[in-house]
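The values are calculated or read from the model by the stated rules, or taken from the named source; none is laboratory data. The structure displayed is predicted, hence computed values, not measured ones. Quick note on the areas: whole protein, heavy atoms, side chains included, nothing else; ligands and nucleic acids left out. Shrake-Rupley method; radii C 1.70, N 1.55, O 1.52, S 1.80 Å.
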Amino acid sequence: MLREISVKPTSGVLAAVVLSVGLLGGLYGFYVGARADDFAMAIPALLVGSLLGLGLPGLFTVEPNEGKALTLFGTYKGTVREPGLWWVNPFMSKTGVSLRVRNFETNKLKVNDAYSNPVEIGAIVVWRVTDTAEALFEVNDYVQYVAVQSESALRALATQHPYDAHGNNEIALSTHQNEVNKGLAEALVDRLAKAGVEVIEARISHLAYSPEIAAAMLQRQQASAIVAARQTIVEGAVGMVQMALDALKERDIVELDTERKAAMVSNLLVVLCSERSTQPVVNTGSLYT
């Protein structure tokens, strides 16, 4: 596996001056020799000027947050990261790689969650190249590699968790975003490390049930919400009834037998748990009639 080798080539400013002066001197010598019919001067001057002219393609620039990978006849020689004008062997190939931070947004993928419910899911991946040698020579196209592996990791993640949590310790896609995003980032780090790519951030950007089951799932969510609300109301009502009975007993206001307590509990629960306002019935007779 290739690893990036950092190199610092010859200063391009110095090389440009030397090559330019030598090229102009050689051309001038050829001109003077040719006019004087002095081939002993003209031919060497032409050869020197031509050789120095061949060195000009060795000049190249490196922009900020950019790396230039150098290869000579198919052999990787190193990467230049320092911005500026540089000169290397003119026969070296120079391939630029952007080191800037990039965003990639996956398509809206249709997958089945852990309960086989079809969902639509999408993610945003923030990444950058950290090893130019791996990015260029270990994978065919590192940009496409990031795209394919991101969607693959997102599909695998969606199948491991349900859309909604049905247990207290269950990680769900809709309610545990931090855990899900962390899991996605860890999966991408493992997949993209061989391409010399660093994953800075990965997060879910779109999550919804598929249209064909969205209505049914909405009804289920509404039913779950109603059940949860009813459970809270009943628990509160039982507590209030218990408080009322304890207060009556503590203050010795009235003594109720088991049957009357059951009736009182029934009436209080009806009043407290009813969806509509109850109409009171005033008993003007004896308590036991």
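Could you work out the relative contact order of segment 111-161? I mean the mean sequence separation of Cα pairs under 8 Å and 6+ apart, divided by the number of residues, in percent. Rounded, it is 56 percent for segment 111-161. The share of accessible area on segment 83-210 that comes from carbon and sulfur is 45 percent, using a 1.4 angstrom probe. Taking a 24 Å limit on the Cα-Cα distance, which of the listed pairs 108/194; 68/108; 108/182; 77/194 fall beyond it? Beyond 24 Å: 108/194; 68/108. In the assembled protein chains, residue 101 presents an accessible area of approximately 80 Å² (probe radius 1.4 Å). Of 137, 73, the residue with the largest accessible area leads and the full order is 73, 137 (1.4 Å probe).
Applying the Karplus relation 6.51 cos²θ - 1.76 cosθ + 1.60 with θ = phi - 60° to segment 85-97 yields 3J(HN,Hα) values of 9, 10, 9, 9, 3, x, 7, 6, 8, 10, 10, x, 10 Hz, where x marks Gly and Pro. Could you tell me which of rounded, prolate or oblate describes segment 126-211, using a ≥ b ≥ c as the square roots of the eigenvalues of the alpha-carbon gyration tensor, with rounded for a/c under 1.5 and, failing that, prolate when a/b is larger than b/c and oblate otherwise? Prolate.
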